[in-house]
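Working notes, beginning with the structure itself.
Derivation of every value follows stated rules applied to the coordinates shown; laboratory data play no part. None of the values given here were measured: they were computed from a predicted structure. Ideal geometry is used to build each Cβ from the backbone, glycine not excepted, and the neighbour counts take in all protein chains shown.
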Amino acid sequence: MGISCKIIEDLLPLYIDGVCSEESKEVVEEHLSECSRCEDMFRHMKSTCLPKQDVDVNLNEAEALRDLSKKWNRKLLGAMIKGVISTLLLVGGMLLIIYIFVGFKGA
């Protein structure tokens, strides 16, 4: 065995997902044919990993949550702006009423 089991352990997730290079794929396959321990680990990892469709569903759910979060943040910002404007109008109106009925006594 030319490649250590530790390196194969690092490459197995990439090999299972099919995203490793052709050279890495050949090295992993050669090592798995020679090493029963790594082959057992490969079978275990392959049986416990999520199916691709579950990963796609999770990605779609995450995207939907991001969209919902953006909408909620926009609504929250709009509510805060409305609150600030309402407060300014209320304070301005009260000051105007005080000025009209009480008068301004300047120095």
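Counted residue by residue at 0.36 nm each, then reduced by the alpha carbon distance between them, the extension gain from SER69 to LYS25 reaches 11.8 nm.
Which entry is the computed P(r) over Cα pairs in 10 Å bins from 0, in percent for this structure: (1) 12, 22, 13, 11, 10, 9, 8, 7, 6, 2; (2) 16, 50, 30, 4, 0; (3) 13, 34, 28, 16, 7, 2, 0? Computing P(r) over Cα pairs in 10 Å bins from 0, in percent and matching it to (1) 12, 22, 13, 11, 10, 9, 8, 7, 6, 2; (2) 16, 50, 30, 4, 0; (3) 13, 34, 28, 16, 7, 2, 0 gives (1). Mean sequence separation of contacting Cα pairs (under 8 Å, at least six apart), scaled by the length of the chain, corresponds to a relative contact order of 18 percent. Within the listed set GLY93, GLY18, GLY78, the Gaussian network model of the chain (springs between alpha-carbon atoms below 10 Å) gives the highest mean-square fluctuation for GLY93. Take the Cβ atoms of ILE7 and GLU39, set R0 to 25 Å, and the FRET efficiency comes out at 0.95. The length gained by stretching the chain between SER47 and VAL84 to full extension, at 0.36 nm per residue less their Cα-Cα distance, is 7.7 nm. Residue exposure proxy: SER33, SER24, ordered by other Cβ atoms within 10 angstrom of their Cβ from fewest to most, comes out as SER33, SER24. Between the residues GLY83, GLY2, SER33, the greatest Cα displacement towards the positive end of the dipole of the chain, with unit charges on the Cβ of Lys, Arg, Asp and Glu, is found for GLY83. Applying a 4.7 Å Cβ-Cβ cutoff to the chain leaves CYS5, CYS20, CYS49 as cysteine residues with no disulfide-compatible partner. Name the residue, out of ILE81, ILE97, ILE16, whose mean-square fluctuation peaks in a Gaussian network model built on the chain with Cα pairs under 10 Å. Residue with maximal mean-square fluctuation among ILE81, ILE97, ILE16: ILE97.
Counting only pairs 8 or more places apart or on different chains, how many lysine pairs in the chain have C-alpha atoms closer than 28 Å? Qualifying lysine pairs in the chain: 8.
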